[in-house]
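Have a look at the structure below, then the notes.
The values are calculated or read from the model by the stated rules, or taken from the named source; none is laboratory data. Since this is a predicted model, take the numbers as computed values, not measurements. We place every Cβ from the backbone using ideal geometry, glycine too, and count neighbours over all the protein chains shown. Quick note on the areas: whole protein, heavy atoms, side chains included, nothing else; ligands and nucleic acids left out. Shrake-Rupley method; radii C 1.70, N 1.55, O 1.52, S 1.80 Å.
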Amino acid sequence: GEFQLCYQPKVHQDGEIESLEALLRWQSAELGPISPNEFIPIAERSGLIHAISDHVVETACAQLRQWLDRFGRAWPVAINLSGKDLQREDISARIAGVCERLNIPANLIQIEITETGLSENGELVAMHLHALAQHGFAIGLDDFGTGYSSLAKLSEFPISVIKIDRSFVSGIGHHERREQIVRATLSLAQVLDCIAVAEGVETREQLVFLIEHGCELFQGYLFAQPLSVKEVALLLEMNVQRVPGVGVNSLIDFDD
Ligand code: C2E
Ligand code: MG
Ligand code: MG
């Protein structure tokens, strides 16, 4: 009962929301807030990750159902899967099963996996990714550029979204090599017909550079922090009422 999901928007360059990424928060009564960067690797080692991922899939899908019932619409939600999840025999069928039970259209679910998640047991991973893609879920490669053998993975797996890691985005403006890597990744995404998402966009300078080089979607504190369920509901409500120009900027103080 100490886990909570928050939802960080991925936006178009004008701030319009394209989708949300579900990010897990652990507020421990004993230890205080604990970052997923800390507890996810431990859960992966102990095997608890399976129960955690089941909880995240169930919670995100139930949330989508609630938004759909209440507002008649919802933004697609991206779920982060661990490499360990892709080693489970039943993971793709399980996710599809939850969506079917809650009547969630497949185009409202995206899956994010990290490159390191793709390194073990390639056959099972390939089977799951093809099954998930076949079901209609978009699959994104998270933290692109920080893992290894990513080009081989891009050619083998049905990946339609590439998320450029924050460490490269943060180099824009003062680290030429990282800028070149961002440019090269954007070209690669274009050639492979993948949608490019920049992670950790914090400054206008980064945004301008990314737009100039063809990046389509952006995620980061410049637009929005991870939002609570309440904040997302507020945005959905404004959106349903078709208030002109409503994007995350209307909720978050956007310094022009
Ligand atoms: P990620 O999937 O790459 O998520 C992006 C992380 O960057 C999130 O951290 C987000 O809060 C943070 N972030 C977003 N915009 C900015 C920005 O502009 N500047 C900075 N400095 N940071 C930004 P968070 O929520 O702490 O999550 C860290 C990692 O933990 C995630 O990286 C993901 O790999 C993992 N994680 C989070 N939730 C889940 C989950 O439900 N399941 C699994 N398996 N992993 C999760
Ligand atoms: Mg992610
Ligand atoms: Mg990432």
For the stretch 116-131, check the following and say yes or no: at least one residue is within 11 Å of ligand 1 (Cβ to nearest atom) and in a strand (DSSP E or B).
no
State which residue is most open to solvent (accessible area, probe 1.4 Å) when the search covers only the stretch 10-34 and only residues that are closer than 22 Å to residue 58 by Cβ and away from ligand 2 (no atom under 13 Å from the Cβ).
27
Long-range neighbours under 9 Å by Cβ, at least six apart or interchain, first residue open to solvent by 70 Å² or more (accessible area, probe 1.4 Å) within the stretch 86-102, second among the acidic types (Asp, Glu)
94/54
If residue 214 satisfies every condition in (1) on the phi < 0 side of the Ramachandran plot; (2) in contact (Cβ under 8 Å) with a residue 24 or more places away in the chain but one, which is the exception?
(1)
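With the requirement that a residue be open to solvent by 50 Å² or more (accessible area, probe 1.4 Å), modelled with pLDDT of 95 or more and out of contact with any Pro (no Cβ under 9 Å at 6 or more places or on another chain), what does the stretch 73-85 give you? Outline the logic, then answer.
So the first thing to find is which residues in the stretch 73-85 are open to solvent by 50 Å² or more (accessible area, probe 1.4 Å), and the list is 73, 80, 84.
Checking which are modelled with pLDDT of 95 or more leaves us with 80.
Once the filter is applied, which keeps residues that are open to solvent by 50 Å² or more (accessible area, probe 1.4 Å), modelled with pLDDT of 95 or more and out of contact with any Pro (no Cβ under 9 Å at 6 or more places or on another chain), the stretch 73-85 yields nothing.
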Within the stretch 157-208, can you find the residues that are among the β-branched types (Val, Ile, Thr) and within 18 Å of the chain's Cα centre (by Cα)?
159, 161, 162, 164, 169, 185, 195, 197, 201
Pairs returned, first residue in the stretch 31-50 that is free of Cβ contacts under 8 Å to residues at least 12 places away in the same chain, second residue that is loosely packed, with under 15 Cβ neighbours inside 10 Å, beta-carbon separation under 7 angstrom, 6 or more apart or interchain, are 33/27; 34/28
Could you check how many residues of the stretch 105-126 are under 26 Å from residue 62 (Cα atoms), away from ligand 3 (no atom under 16 Å from the Cβ) and open to solvent by 10 Å² or more (accessible area, probe 1.4 Å)?
4
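Just to verify a result, which residue in the stretch 135-153, among those that are farther than 27 Å from residue 202 by Cα and either within 14 Å of ligand 1 (Cβ to nearest atom) or aliphatic (A, V, I, L, M) (or both), is farthest from the chain's Cα centre (by Cα)? Outline the logic, then answer.
Of the stretch 135-153, the ones farther than 27 Å from residue 202 by Cα are 135-137, 149, 151-153.
Then keep just the ones that are either within 14 Å of ligand 1 (Cβ to nearest atom) or aliphatic (A, V, I, L, M) (or both); that gives 151-152.
Values: 151: 20, 152: 22 Å.
Out of the qualifying residues, it is 152.
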